[in-house]
Amino acid sequence: QLKLLKAPPKVLYYNLLTSGKLHSHIADIKDQAQELFYRLVKQYAENEGVTEQLKATDMMLWVQKMNNISNRAMEVVNSELIFV
């Protein structure tokens, strides 16, 4: 699960909370985070040659590379979007 807005500005938080828009804001951030994550994973995999052919010929190497890519993508999402 995504940790959402580690330390949001209190004013923004209270404005969203009192206006009833907090849940939709959180849902929007979650959607943006998921889109960014999937886009980065696809981009990194393409750039590094992590293909379905690699998966078919050497699944363990493919898993290692995809785990590495997923971890790097999550770091970017967290630093760019979640922990603003």
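Each reported figure results from applying straightforward, stated rules to the coordinates on display, with no laboratory input. In this text the structure is predicted, and so the values were computed from the model without any measurement. Positions of Cβ are backbone-derived with ideal geometry, glycine not excepted, and every protein chain shown enters the neighbour counts.
The count of lysine pairs in the chain whose Cα atoms are under 21 Å apart, excluding pairs fewer than 8 places apart on the same chain, comes to 11.
Rounded to the nearest 500, the helix-only mean residue ellipticity at 222 nm of the chain stands at -24000 deg cm²/dmol, with each DSSP H run of n ≥ 4 adding -39,500 (n - 2.57). Of all the options 55, 42, 30, the one that moves most in a Gaussian network model of the chain with Cα springs shorter than 10 angstrom is 55.
Among (i) 1.42; (ii) 1.29; (iii) 1.01, find the value of Cα Rg over 2.2 N^0.38 Å that was calculated from the structure presented, and write down its label. Label (i) holds the value from this structure. Between residue 24 and residue 52, take the C-beta separation as r, use R0 = 35 Å, and let me know the FRET efficiency to the nearest 0.05. According to the calculation, E is roughly 0.40. Over segment 16-84, Cα pairs under 8 Å with separation of 6+ residues give a relative contact order of 37 percent.
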